[in-house]
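As structure tokens, the structure follows; a few thoughts come after it.
The values are calculated or read from the model by the stated rules, or taken from the named source; none is laboratory data. All figures in this text were calculated on a predicted structure; none of them were measured in a lab. Cβ sites come from the backbone with ideal geometry, for glycine too, and all protein chains shown count toward neighbours. We work out accessible area using only protein heavy atoms, side chains counted, and drop any ligands, DNA or RNA first. Shrake-Rupley method; radii C 1.70, N 1.55, O 1.52, S 1.80 Å.
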Amino acid sequence: YQGKRGTNGIVVYAGGEVAHSTQWLVVQAELRHAFERDELVLHYQPKIRLSDGEICGVEALVRWQHPTRGLLAPAEFLPAAEQSGLIEPLTDWVLRRALADQRDWLTAGRSWPVSVNVSARNLDQPGFAASVAALVTRTGTPADMLMLEVTETALAGDAPAAIRAVVDIVERGIGVAVDDFGVGYTSLSQLRAIPVSEIKIDRLFVDGLSRNPQSEAIVRSVIELAHGLGCWVTAEGVENEEVRRWLSDAGCDAAQGTLLGTPLTWNDLIETTAAGRTRREIPAPAGS
Ligand code: C2E
Ligand code: MG
Ligand code: MG
Ligand code: MG
């Protein structure tokens, strides 16, 4: 999400989006109000276990219900949030909302862990792991029902602080997934030093599965690598049945994508899924 400042004060986003820097400032200013006005919303995308087709978790994805521009995708405001320090309150908001929503779906008989995306900036925040753990304790859900997704890029290169934060998070019993795996540059020795519980294969490779033999070779070796490290492996961006079957045959554990479920509001998620048996008793929240 690092925007590159080009000539003429134009900011070129990594996603190819171009905006004038005045617009950038407007987004930052409006985003501050978005918190007060309760304009942020979470959608949840199911993660499907390939062995039995059951939902084995859900990923929280933030959107901004903008008063005039409609529902904005994260690519339209996360870069501004990351550059302005607003990513700290944003992640805090997402975590609180996701944990509260999870309590409600656990009560509604859905025993799904929730995954929350965190940015590289969050990992540099002093005390980040401790504050997440405190939130989990306050909510009263078991720590292993929360998973934080960290992009491979946040961990790549010389990022000792980020790696220490990940270790700290994992030691508190919260899971960590490496997101968008394959497009960053994590070395194998770094991966060995990070006690992650899940690797998510970037949809760039998953998308290529139906037509590109190189993608097949890459995905096969990532699955093997993940299993060798004792990790669960999830494929992102599964859009057709052929790809789902290929992944299932290749031993991939789980998948996400439009074929299996698009991101939904809490209500739509509950309405379109059946209640299952809860795997464990959920303790009452602290202080209730
Ligand atoms: P991600 O974590 O890799 O999430 C997957 C993205 O792919 C989501 O886009 C999702 O809607 C989209 N997607 C899901 N299935 C498919 C598919 O089959 N095909 C295609 N083409 N796309 C699919 P979204 O919601 O726009 O989020 C984009 C990125 O923004 C996320 O990528 C994540 O890195 C970031 N993000 C989203 N929510 C948050 C958040 O609460 N905090 C932070 N720090 N980052 C977030
Ligand atoms: Mg993610
Ligand atoms: Mg991803
Ligand atoms: Mg992605």
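Miscellaneous remarks
- Projected label distance in nm at Leu225 and Leu135, using a 7 Å step from Cα toward the beta-carbon: 2.9 nm
- Hz values of 3J(HN,Hα) by residue in segment 71-88 - Karplus curve (6.51, -1.76, 1.60), Gly and Pro given as x: 7, 9, 6, x, 4, 8, 9, 5, x, 5, 5, 5, 6, 10, x, 6, 5, 5
- Global geometry of the chain, whether rounded, prolate or oblate, following the gyration tensor of its Cα atoms and the 1.5 cut on a/c: rounded
- Residues whose amide H lies under 5 Å from that of Glu239, counting only those 5 or more places away or on a different chain, are Leu259; hydrogens are built 1.01 Å from N in the peptide plane.
- In segment 137-197, GluC sites (Glu not before Pro) in a DSSP loop with at most 16 other beta-carbon atoms within 10 Å: none
- Given charges at beta-carbon only (K, R positive; D, E negative), |dipole| of segment 212-252 in Debye: 120 debye
- Placed amide H near Val233: partners under 5 Å, 5+ positions off or other chain: Ile199, Asp253, Ala254
- Accessible surface of the chain, 1.4 Å probe, proportion on carbon and sulfur as whole %: 51 percent
- Relative contact order [Cα under 8 Å, 6+ residues apart], the chain, whole percent: 18 percent
- Among His227, His43, His33, the largest mean-square fluctuation in a Gaussian network model of the chain, built with springs joining Cα atoms closer than 10 Å, belongs to His33.
- Gain in span if fully extended, Ala100 to Glu54, counting 0.36 nm per residue against the direct Cα distance: 14.3 nm
- Cα gyration tensor, segment 169-282 - rounded (a/c under 1.5), prolate or oblate: oblate
- Difference of contour (0.36 nm per residue) and Cα-Cα distance, His66 to Asp249: 61.6 nm
- Taking θ as phi - 60° and the Karplus parameters 6.51, -1.76 and 1.60, the scalar couplings of segment 196-211 work out to 6, 9, 8, 10, 10, 6, 4, 5, 3, 7, 5, 4, x, 4, 6, 9 Hz in sequence order, x denoting glycine and proline.
- Here's how it looks for Leu264: its modeled amide H is under 5 Å from those of Tyr44, Gln45, which are all 5 or more places away or on a different chain.
- For segment 163-170, 3J(HN,Hα) computed residue by residue from phi via the Karplus equation (6.51, -1.76, 1.60; θ = phi - 60°) reads 5, 4, 5, 4, 4, 4, 4, 5 Hz, glycine and proline entered as x.
- A 1.4 Å probe run over the chain, with the rest of the protein chains in place, finds 48 Å² accessible per residue.
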